[in-house]
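Presented below is the structure to which this report refers.
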Amino acid sequence: MRISQLKAFAVVAETGQFTEAAFSLGISQSSLSDAIAGLEKSLGVKLLQRGRFGAKLTPAGEQILPQVRLTLQAAESIQVTSRQLKGEISGQLTVSVFRSVASQIMPDVIAEMHRQHPAVNIQLLECACEVSVLQQNLTDGCADLTFLPEEDFADHLGWPVLKDPYVALFPEAWAEGLTTVTAEMLASRPLILGNDGNCAVRSQEYLQQKGFRDLRINLVQDELIIFPLVARGMGISLMPRLAVFMLPSGVKMLRLEDPFYRQISVAVRQKAMGNVLVKLLLGILKERLPEAQIPDSLTLTAERQN
């Protein structure tokens, strides 16, 4: 069993296609097939089932894949450490993110990592804003580090990094003369809320705590649909500030008179804390986000590297 065989299996499992996996790995399909066959022979189990619609994991493959991913991450960590000992910093780090973090936080973080260490590659694994999904990416070894929309770290290490305030989105015609919005104003209009993650739940709880329970709520699956609906006067919305990365014509963003927040946090697998790239990323986050409660002892900055 070789690392190259494990990587070949992981890439086929991710893409579901031998052709695409071979292209990604830069090898021929026959070489890829040989690598998979060699791995299956050494393990004594069938990992993949090939068919007309691609490659599917067998039950054995589904059980083994998370361990393969963790093994590959450990091998990468060893390579990173060895390069560090030689004065080099390079390698790949996979970060699990949801849309607002991917668009508002990570571009600056990636740019700073590239400035400090050009040979380090950060890969973003974007998924739904669901705590269980984001946590599972760590547990399965799909990611080295994940962002979460609340403080819920399960068995992983984690720290709050940013309080993201909710804002109100009003049609411009309804917002004339307004700079802030009261809970009463929110409860008096139809609400258009995103059904991704816990945003709708937080918004309803906020208004219910203010005594408003008879709410007119329309849920949409994709939060991007909210903007044109608000612009056309179909209702108003409550969204985290970081989720509003493009404000279209006809929509005005207003602060809440009595604000509430979602707590954005970051979580890391405990075994991943030996990876220098994880410590470098945590160091950049701590520098970029003043509220971040990441302990200094767990970070690594460019100054400390030098």
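The values are calculated or read from the model by the stated rules, or taken from the named source; none is laboratory data. Remember, it's a predicted structure, so these values are computed and weren't measured experimentally. Reconstructed Cβ throughout: ideal geometry from the backbone, glycine too, with neighbour counts over all protein chains shown. The area values use the complete protein model at the heavy-atom level, side chains included, leaving out ligands, DNA and RNA. Shrake-Rupley method; radii C 1.70, N 1.55, O 1.52, S 1.80 Å.
For the reader, a short list of remarks on this structure follows.
- Given LYS210/LYS252; LYS163/LYS252; LYS46/LYS271; LYS41/LYS271, the pairs whose alpha carbons are separated by over 25 Å: LYS46/LYS271; LYS41/LYS271
- When you filter the GluC sites (Glu not before Pro) in the stretch 1-98 for DSSP loop state and at most 16 other Cβ atoms inside 10 Å of their Cβ, you are left with GLU88.
- Long-range HN-HN contacts of LEU125 with modeled amide H, under 5 Å: VAL95, SER96, VAL97
- Here the contact order of the stretch 147-274, divided by its residue count and restricted to Cα pairs under 8 Å and six or more residues apart, works out to 51 percent.
- Pairwise inverse Cα distances across the stretch 191-274, averaged and inverted, put the Kirkwood hydrodynamic radius at 14.5 Å.
- Just so you know, the averaged projected area of the alpha carbon convex hull for the stretch 123-184 sits at 6.7 nm².
- Mean shadow area of the stretch 1-83 over all directions, Cα convex hull, nm²: 5.4
- Rounded to whole Hz, the Karplus (6.51, -1.76, 1.60) HN-Hα couplings of the stretch 226-237, x for glycine and proline: 4, 4, x, 5, 5, 4, 8, x, 7, x, 10, 9
- Surface exposure of the stretch 201-297, expressed per residue as accessible area with a 1.4 Å probe, stands at 51 Å².
- Loop exposure criterion: trypsin sites (Lys or Arg not before Pro), DSSP state outside H, G, I, E and B, at most 15 other Cβ atoms within 10 Å. Applied to the chain, the longest stretch between such sites is 87-209.
- Residue among ALA231, ALA74, ALA60 with the largest mean-square fluctuation in a Gaussian network model of the chain, springs linking Cα atoms under 10 Å: ALA60
- For the chain, a Gaussian network of Cα nodes joined below 10 Å ranks PRO165, PRO295, PRO149 by mean-square fluctuation, and the top entry is PRO295.
- Within the listed set VAL278, VAL201, VAL167, the residue fluctuating most in the Gaussian network model of the chain (springs between alpha-carbon atoms under 10 angstrom) is VAL201.
- Debye log10 I(q)/I(0) at q = 0.10 Å⁻¹ for the chain, Cα point scatterers: -0.69
- Beta bridges by DSSP in the chain, antiparallel share as percent, to the nearest 5: 60
- In this structure, the amide hydrogen of ASN218, modeled 1.01 Å from its nitrogen in the peptide plane, lies closer than 5 angstrom to those of LEU191, ILE192, LEU193, counting only residues at least 5 positions away or on a different chain.
- Each residue of the stretch 215-225 is assigned a 3J(HN,Hα), and the resulting list reads 9, 9, 10, 10, 9, 10, 6, 9, 5, 5, 5 Hz, derived from the Karplus form 6.51 cos²θ - 1.76 cosθ + 1.60 (θ = phi - 60°), x at Gly and Pro.
- Percent accessible area from carbon and sulfur atoms, the stretch 1-156, protein chains only, probe 1.4 Å: 51
- Hits among aspartates and glutamates - C-alpha to C-alpha of LYS7 under 20 Å, sequence gap 8 or more where chains match: GLU20, ASP34, GLU40, GLU62, GLU76, ASP140, ASP144
- Integer Hz, Karplus 6.51/-1.76/1.60 couplings in order for the stretch 56-71, x for Gly and Pro: 10, 5, 7, x, 5, x, 5, 6, 7, 3, x, 5, 5, 4, 5, 5
- The stretch 99-128 versus the stretch 12-91: alpha-carbon centroid distance in Å: 24
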